[in-house]
Amino acid sequence: MKIKLCGQTREEDIAFSLESGADICGVVIEVPSSKRSMKFEDAEQLFRKFPGKIAALTANADDALYARIAGLKPAALQLTADAAPEQAAGLIKKYGFVIWKSLHLPVQSAKGKPVDAFLERIREYTEAGCGAIVLDSCTPDCYGGSGVRCDWNLAGKIIAESTADIFLAGGINPENIAEAAALNPYGIDLASGVEVSPGIKSKDKIRALFAALADKAE
């Protein structure tokens, strides 16, 4: 199972995350609604320092920004907002991106949501060439990184029935990561669960996260 520690803003936090066991880190670029968003020029330094280890996250970017991100050679481009499968396919063709697409689920209190509609949407994105899907929570004011847990019952059904590589995100922390891992996702994606403040990671929480995973594996 892959672990992605997202919302990174500092070189020292990325280094510690990777040393601790993270497979990949995530950097949000030019997304005004995100508290963890970085200007391109600042984010660029992180990609140069850790080649192949950072995914770039955007929301409804323009083509000029996609072109600049392509120059960073990110491990993946995560589309967190409204990009349709056709747009994802176009970006793959034009820039050669490995694309991950966020899909937003209801929060954990929601019930009775059909699985089939989500499975069909995932199929559309995977057929368009997307390499992974990130199931995240849906909140009115942001495209992920809210710290709000999505409906894990629904997420578990989607993970079980889909053949796509699926990351689970939203409200995951050291205390509940074993429960999240029990859903058997391809990966787990978290930001606020290992932070002291938006964009600033906690070494203690990162240590606790990987300790909890190690305990589950025993």
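Every number here is computed from the coordinates shown, using simple stated rules; none is lab data. A quick note: this is a predicted structure, and the numbers were derived from the prediction, not measured. Cβ atoms come from the backbone with ideal geometry, glycine included; neighbour counts cover every protein chain shown.
Could you list, in sequence order, the residues of segment 1-35 that are of a type in the set (D, E) and without any contact (Cβ under 8 Å) to a residue 12 or more places away in the chain? E12, E19, listed by residue number. Of everything listed in (1) over 17 Å from the mean Cα position of the chain (by Cα); (2) touching a residue at least 24 places away in the same chain (Cβ under 8 Å), the single unmet condition for A214 is (2).
Annotation: of all residues in segment 187-206 being out of contact with any helix residue (DSSP H, G or I) (no Cβ under 8 Å at 6 or more places or on another chain) and touching a residue at least 40 places away in the same chain (Cβ under 8 Å), the one that is farthest from V27 (Cα to Cα) is G187.
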